[in-house]
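The values are calculated or read from the model by the stated rules, or taken from the named source; none is laboratory data. The shown structure was predicted, so the numbers you read here are calculated from the model rather than taken from an experiment. Note that each Cβ is placed from the backbone with ideal geometry, even for glycine, and that neighbours are counted across all protein chains shown. Surface accessibility is based on the protein's heavy atoms, side chains included, excluding ligands, DNA and RNA. Shrake-Rupley method; radii C 1.70, N 1.55, O 1.52, S 1.80 Å.
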Amino acid sequence: MFKSILKVEAQSRLNYFKALGTGKIILYLLLAFILLVMLVPAVWMILNIFLFNAEEVLIGKAILLLSLFLVPVLSLFLVNGIIKEMFMDKNIDSYLVLPVTPRAVFSVKLFYQFTFKVLPVVLFISLAAGLTLAARYEAPLLAVSSIVYFLFIGALSTAAAYIVVFLVTKVSSARRVGEILTLFGGVASVLPYFIIMAGGQYLRPVINMMPNVDFIFSGFLYNPEMLKYILLLLVFAAASPALIALVLNYVTAAFVKGTATAGNLEHKKNAAAETGSPVRALLKKDMTMTKRDFKEWSAVLPQYLFPFVFLFLLTSNPLIYGGESSSDDQVMISIAFAGSIMISLFVAAMNTARDARTYDFLKMMPVSGLDIAKAKYLYNFITITPMYIIITIIIYFILDVPVTTLIYAVGISVLLVLTIAPLGMLLGAMNPVVSKKNPAQRLDTAANIIISVTIFALIFLMGYMTQFTVGFNGEEYVLKHGTMMIVIGVLIILSILSYVFLLRKTGAKYDEGYNITYKD
């Protein structure tokens, strides 16, 4: 029974890849190439150098830190898959009407999640750590204990993800829980950027702060002692399948008893009619959708973490990203430029592409495409600007800059939102995607590539794009107030031009009709 269901699931995955377009295949290959060329060697090198040369007391601390990091990150990554497999994908209902046991169905689902989303990560980490420690202590068995231990960490991460999902469904509907947990899964999707960029610069200080756990790992993962090695090897080897079995029993019982769908009640509310301008009515519609749908937050909120990635890059690599003239003032203005451009482009595109789900309804309304575009423009400004101002204020307290720099940064951010949002809206209106399984998938391959290229360009150019705003007063580098006023003046003109031309072009796309791609 297990094998039969597994074959069906494997064929389903195979059919999905066969149906992929050429553009998406190229994009996936490009991402895989970047992963193999950049991330894998970087992580292997950091683990190899540290574990081979560090003091023995720090090895246990490093393994503890790595374990504490892997469990929540892997769990958050799994959340999205669990939500899709258990709640958004209706094929479980189809399985359960067949002569198969619920346990067999959920065994396959859990096996798929663990094998494809957890196992590659923990195996890579275990080999990188285990082979290094085996070479250091000239004990090949340490590679085996490392694999067993990190497989336990993978099982723990899987259990944590499933338990969180199914426990919270006892107090809320599965749909709402899926929306909230998808938000946290989206946040986890941004964490690799921090890992890639941080490297080993702050590794030692963080490890030093960890508690000493030699009594757990010493003799098992390093400095092997045969008795302790065998005992812990058996313990961890038995704990992993036992943990998975417990989770499988709980998940099966939850679905059979119906606890996973408890609380999914519909409440009727009295509707109140209110007249007003079309733009106002459409704006109210967008605001209401956002307030009641957590998937909207999960689709865009993780992108607001990027300014902090930019902050790390500029402060830790001033010679690369700012040259010799870099200063805290320039760092803050650079983040204002790069962060607001990236967020405005992506979020505006996502918000606009969302209308593809209700495009038929919009076409029936007595409103013009320009009215829809104006309402979306106001919606983007209202939702993006306050968030980015808050981020700018947080960065102000991190950096040592005067209040005038904060004012400049806020002004530039607001003007860039007004300038870039119409461009993002135009990207979102070109070829939007509608997906029932993954509502956050709204942009086509071309739009995703454009935005991805823009992000990489901002990462490599953000330090240099503001060098002309900095001058040396004999003691330190400071902002040129005259130049900043010119920049603000230019942005005001660009924002007006963007509103007049790009917004009208977006409105015309609404009138012409969306070229919508439906998936799932």
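By a 1.4 Å probe calculation restricted to protein chains, MET289 has an accessible surface near 40 Å², given to the nearest 10.
Spin-label model, PHE312 to ALA10: label points 7 Å out along the Cα-to-beta-carbon direction sit 3.9 nm apart. Once both labels are positioned 7 Å from their Cα atoms along Cα-to-Cβ, the gap between ARG357 and ALA446 label points is 2.4 nm.
So how do 64-77, 488-501 stack up, highest first, on mean other-Cβ count within 10 Å? Display every interim value, and only then the final one.
On the way: 64-77: 17.9, 488-501: 14.2.
Going by the mean number of other Cβ atoms within 10 Å, highest first, we get 64-77, 488-501.
For VAL279, the accessible surface of its heavy atoms amounts to roughly 30 Å² (probe 1.4 Å, protein chains only, rounded to the nearest 10). Sorted on the mean count of surrounding Cβ atoms within 10 Å across their residues, most packed first, peptides 329-341, 205-217 read 329-341, 205-217. Work out the FRET efficiency for PHE215 and PHE124 from their Cβ-Cβ distance, taking R0 = 35 Å, and round it to the nearest 0.05. The calculated FRET efficiency here is 0.80. Model label sites at LEU246 and ILE492, defined 7 Å from Cα along the beta-carbon direction, differ in position by 6.5 nm. When the pairs LYS376/LYS509; LYS117/LYS228; LYS376/LYS519; LYS376/LYS505; LYS284/LYS509; LYS285/LYS374 are compared against a 20 Å limit on Cα-Cα distance, LYS117/LYS228; LYS376/LYS519; LYS284/LYS509 fall above it. Electrostatic bookkeeping for LEU503 treats Lys and Arg as +1 and Asp and Glu as -1; over the other residues with beta carbon under 14 Å from its beta carbon, the sum is +3.
Specify whether the C-alpha gyration tensor of segment 346-484 places it in the rounded, prolate or oblate class, a ≥ b ≥ c being the square roots of the eigenvalues: rounded for a/c under 1.5, otherwise prolate if a/b is larger than b/c and oblate if not. Walk me through the numbers before you get to the answer.
Numbers: a/c = 2.81, a/b = 2.16, b/c = 1.30.
Prolate, because a/c is 1.5 or more and a/b exceeds b/c.
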